[in-house]
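*Asks:* Please find one structure pasted underneath; my questions will follow.
The values are calculated or read from the model by the stated rules, or taken from the named source; none is laboratory data. The structure presented is a predicted model; accordingly, all values stated were derived computationally and were not measured. Cβ placement follows ideal geometry from the backbone for every residue including glycine, while neighbour counts extend to all protein chains displayed.
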């Protein structure tokens, strides 16, 4: 039960991280440079969160780090393409 509680708080922290990022992103509508910077920070902290989460779970491997990094890079590329067209 204790392990489930920790996992719940891990995902709760991810939810708040992404929510705060989306709110900041929305508040900076029309300022593409700020939105891109926010997207970089959200992606960076997403990768850090994934590394910490899997480290604490005990299943951190290079494949997981690469997976989180590639998802973050893809998200930034898509956001950049949508903002700076």
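*Asks:* Within the stretch 44-83, track down each residue that is in contact with a helix residue (DSSP H, G or I) (Cβ under 6 Å, 6 or more places away or on another chain) and not in a helix (DSSP H, G or I).
*Replies:* 60
*Asks:* Within the stretch 27-55, which residues are surrounded by fewer than 13 Cβ atoms within 10 Å (Cβ to Cβ) and farther than 16 Å from residue 17 by Cα?
*Replies:* 29, 30, 31, 33, 55
*Asks:* With the structure loaded, tell me whether residue 14 is surrounded by fewer than 13 Cβ atoms within 10 Å (Cβ to Cβ), part of a helix (DSSP H, G or I) and either touching a helix residue (DSSP H, G or I) at 6+ places or on another chain (Cβ under 6 Å) or at pLDDT 95 or above (or both) or whether it fails that test. First the steps, then the outcome.
*Replies:* Numbers: surrounded by fewer than 13 Cβ atoms within 10 Å (Cβ to Cβ): no; part of a helix (DSSP H, G or I): yes; either touching a helix residue (DSSP H, G or I) at 6+ places or on another chain (Cβ under 6 Å) or at pLDDT 95 or above (or both): yes.
Criteria not met by residue 14.
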